[in-house]
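Below: the structure, in structure tokens.
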Amino acid sequence: MINLAQKDISHTFGKFIVTAMGVGMLLGIVLIMIGVYRGMIVDAESLLTDINADLWIVQEGTIGPFAEASRIPEDLKDSLKAVPGIDKSAAITFQNIQLPKKTKPVRVVAVGFNPFGDINPLNLTRIIAGRNINKSHYEIVVSAKTGFKLKDKIPLGRNIYNVVGVTKGTVSSSGDPLIFISLKDAQELQFSYSNNRIRNDRYRGIKNIESHIANAIIATVKAGYSAELVAQHINETQYKSVFTYQQQHTILVKNVVETASKQIGLFTAILVVVSTIIIALIIYTMTLEKIKEIAIMKLIGIPNSMIIKMIVQETLLLGLLAFVFGNIFSHLIYSKFPKRVVLEAPDALSLFFVILIASILASFIGVKKVISADPSTAIGG
Amino acid sequence: MSTQSIKVENLVKTFGQGENSINVIDGASFSVEKGELVALIAPSGAGKTTLLMMIGCVQEPTSGQIYLGDEKVYDNKWLTRETRKIRREKIGFIFQAHYLIPFLTVLENVTLLPQTNGKSKLEANTKAMELLTYFDIADKAHSMPSSLSGGQNQRVAIARALANNPEIILADEPTAALDLTRSIDVVKMLKKIAIDQNVAVIMVTHDEAMLPLCDRILKIDNKKVISVATKEITSV
């Protein structure tokens, strides 16, 4: 039996491929959008995983330090060591800063930690050049994404910092590159004001603010202790908000990424609908172009089923080819995006099924046209 | 066994309803024998194509009877739901333009219907090649219609109409797009087919020059079909 779809496509092969490529680019963007969302999740988890603390102790009534601002005394790290079940604890700060550069400042998130403390938030496996900080002052470890290299000098606040290490893949929950500095330097950058500001504050009767503050205390729990119970104990005795690793993970994913993910999800859904409409319009146009031939086929007695099969097969093939082109397109361009894009096979598979259903729906419009085509229009010129 | 291939009795076709209704065909009765080439003439708008479509089971009449071969297919209503099957198995269509499927080769155009009817590819190809040889276009079997001349395409269209061994051929102004020489060739070909294949051919035409080549002439006159002699034709 002659396969009409195959013959029709062979006849207009170039046009069919170009059409599939066009739809494929649209699907590629859908995949990239999903990849951006996945990238946000990975970014959000990255720092949390690297720090790998069992407990996050933050300002009472807040869900800091990522989802809300949190200020907490640095010395809490010492008092926490007396809490049953606490193994190690350390103070940590996070702040957005701009690294000055000749062309354009680079926005980064600075992580301040005590290089001689119990917990090191820098995953050493991520260092691709140099070393970790081992001095209390003026050393900095930067992400390669910042463009700075080993031994570069970076002016921050009142001091010059030496780049002693370069990392790869260290990003904040918002996808900005991370830099690591000592806790003392971070506190100075975050909580120390300029001379003018201090003078001004004095005239206004404001006393200089305590700078021994951190954004969070991170702690690990001894083996055999339940992190939840230790967290509850700290909450009740120290009047602080305490989150376990899992809770902090949920906060990051729910509070920090959720809105963005909803936006991306909506955008992706709209793109899928637009793709479906475009496929439907293409199929409708392709059917209209063949309407005379369809009328002839109906007139000479070719059954509807055979003509419908042609339309459905062409639609499915268009969807399939567009999906393949979409994957190729997305894999070619994803690395060019400034933020992390994670392309995962299950997402592509889900999109494949969505496109399959969309193609079947889109073919209905062509099928309807076939059914309603009047064979008598073939007669009479 | 009857030699009659088409028989139409009291056929009526009304368009519209109530006061606005108009009878295009009103009580047409005629028959066409196997092996006959019959010309159907009438002024434009007189209902030639409508009549052809009713005989071809494309358009439903308002009332009357239609017999195709030994089978009564219409008796004030279609006697089968599968009018398309009747077209596929009993009727071959030839149009003003060739209307070949542009994405199929010449051979595929000719074998499409037989294969749809369940013939094997080999069987359909053999028959198609016989027909293409008969029409002297076998060398174009694997060409696309777009690469053939108008006359060649019309011959392919005739071959397609014959591919399924139809009992009836309905030709709607098959020479309208051809010059006189080609037109005469096509009508002679139809005549030869009518005899060789023993089929009834009804050919709608406006071309008076073709009429002497036909066995009989039917004319739609005052919404009825009458038989006329060639010499009586002054204008169609």
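The numbers here are math on the coordinates, done by the rules we state, and not lab data. Just so you know, these numbers come straight off a predicted model, no measurement behind them. All Cβ positions, even for glycine, are placed from backbone atoms using ideal geometry, and neighbour counts span all protein chains on display.
Please compute the alpha carbon radius of gyration of region A:60-239, then divide it by the globular-protein estimate 2.2 N^0.38 Å. Two decimals is fine.
The value comes to 1.11.
For region B:135-236, with only Lys/Arg (+1) and Asp/Glu (-1) charged at the beta-carbon, what is the dipole magnitude about the Cα centre, in debye rounded to 20? Let's see the in-between values first.
On the way: 12 positive and 13 negative charges, 30 e Å.
Once rounded to the nearest 20, the dipole reads 140 debye.
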In degrees rounded to 10, the 0-90 angle between helix B:180-196 Cα long axis and the longest Cα principal axis of chain B is 90 degrees
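Note down the magnitude of the dipole of chain A about its Cα centre, charges +1 on Lys and Arg C-beta and -1 on Asp and Glu C-beta and zero elsewhere, to the nearest 20 debye. Show your work: numbers first, answer last.
Working: 39 positive and 28 negative charges, 269 e Å.
Computed charge dipole of chain A: roughly 1300 debye.
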For the protein assembly as shown, the charge dipole (Cβ of Lys, Arg +1; Cβ of Asp, Glu -1; about the Cα centre) points to a positive end, and the Cα of A:Val106, B:Phe15, A:Ile277 closest to that extreme belongs to A:Val106
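Hey, can you list the DSSP H helices of chain A whose Cα span along the axis is 18 Å or longer and whose average Kyte-Doolittle score is at least -1.0?
Details: long enough: A:13-51 (55 Å, 1.51); A:258-289 (45 Å, 1.51); A:304-333 (43 Å, 1.45); A:345-372 (41 Å, 1.76).
Going by DSSP H runs, the hits are A:13-51, A:258-289, A:304-333, A:345-372.
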Check: C-alpha center region A:266-308 vs C-alpha center region B:187-209, spacing in Å is 38 Å
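Can you give the local net charge around A:Leu316? Use residues other than it whose beta-carbon is closer than 14 angstrom to its beta-carbon, Lys and Arg +1, Asp and Glu -1.
Numbers: positive: A:Lys309; negative: A:Asp8, A:Glu314.
My count for the surroundings of A:Leu316 gives -1.
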For chain B, longest principal axis from Cα atoms; helix B:106-116 axis from its Cα atoms; angle between them, nearest 10 degrees, is 60 degrees
Given unit charges at Cβ for Lys, Arg (+) and Asp, Glu (-), the dipole magnitude of region A:60-239 about its Cα centre in debye, nearest 20, is 1140 debye
Among A:Ile198, A:Ile283, A:Ile213, the residue with the largest mean-square fluctuation in a Gaussian network model of chain A built from Cα contacts under 10 Å is A:Ile198
B:Pro61 neighbourhood, Cβ < 12 Å, K/R = +1, D/E = -1, net charge -2
Within 10 Å of the Cβ of an average residue in A:298-308, the count of other chain Cβ atoms is 6
Expressed as a percent, the portion of alpha-carbon pairs in chain B spaced more than 34 Å apart is 14 percent
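Full extension from A:Ile160 to A:Lys309: what is 0.36 nm times the residue separation minus their Cα-Cα distance, to one decimal in nm? Write out the running numbers ahead of the final one.
Details: separation 149, 0.36 × 149 = 53.64 nm, distance 7.21 nm.
Full extension from A:Ile160 to A:Lys309 adds 46.4 nm.
How much length is gained on full extension from A:Thr250 to A:Asn123, taking 0.36 nm per residue of separation minus their Cα-Cα distance? Please report the intermediate quantities before stating the final value.
Details: separation 127, 0.36 × 127 = 45.72 nm, distance 2.15 nm.
Difference between extended and current length: 43.6 nm.
As an exercise, use a Förster radius of 22 Å and the Cβ-Cβ distance of A:Leu332 and A:Gln98 to find the FRET efficiency, rounded to the nearest 0.05.
Numbers: r = 32 Å, r/R0 = 1.47.
Result of the calculation: an efficiency of 0.10.
Considering only DSSP beta bridges whose two residues both sit in chain B, what percent are antiparallel, to the nearest 5? Don't skip to the end; give the middle numbers.
Values: 24 of 41 bridges.
That works out to approximately 60 percent antiparallel.
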Exposure proxy check on B:Phe93, A:Phe13: fewest-to-most Cβ neighbours within 10 Å is A:Phe13, B:Phe93
For the pair A:Asn134 and A:Ala269, the simple spin-label estimate (label points 7 Å beyond Cα toward Cβ) gives in nm 5.4 nm
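What does the charge add up to near A:Ala223, with Lys and Arg as +1, Asp and Glu as -1, over the other residues with Cβ less than 13 Å from its Cβ? Intermediate values should be presented prior to the final figure.
Details: positive: A:Lys88, A:Lys222; negative: A:Asp54, A:Asp87.
That works out to 0.
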Once both label points are put 7 Å beyond Cα along the C-beta direction, the A:Asp75-B:Glu123 separation in nm becomes 10.2 nm
Per residue convex hull volume, Cα only, chain A, in Å³ is 216 Å³
Rounded to the nearest Å, the spacing of the alpha-carbon centers of region A:87-130 and region B:28-95 is 88 Å
The simple spin-label model distance between B:Ala209 and B:Ile195, using points 7 Å out along Cα→Cβ, in nm, is 2.2 nm
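Among A:Asp347, B:Asp75, which comes first, then next, by fewest other beta-carbon atoms within 10 Å? If you can, show how the numbers build up before the last one.
Values: A:Asp347 17, B:Asp75 13.
Taking fewest neighbouring Cβ atoms as first place, the list is B:Asp75, A:Asp347.
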The relative contact order of chain B, taking Cα pairs under 8 Å that sit 6 or more residues apart, comes to a percentage of 28 percent
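Take B:Arg155, A:Arg340 and order them by how many other Cβ atoms sit within 10 Å, fewest up front.
Numbers: B:Arg155 25, A:Arg340 19.
Fewest to most other Cβ atoms nearby, the residues stand as A:Arg340, B:Arg155.
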Quick note, region A:201-278: a/c under 1.5 would make it rounded; otherwise a/b > b/c is prolate and the rest oblate (a ≥ b ≥ c, C-alpha gyration tensor); here it is oblate
So, relative contact order of chain A in percent, Cα under 8 Å, 6 or more apart, is 28 percent
Taking every DSSP bridge whose two residues both lie in chain A, the antiparallel percent to the nearest 5 is 75 percent
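As a test, work out the antiparallel percent of DSSP beta bridges whose residues both lie in region A:116-263, rounded to the nearest 5.
Values: 11 of 16 bridges.
Roughly 70 percent of the DSSP beta bridges within region A:116-263 come out antiparallel.
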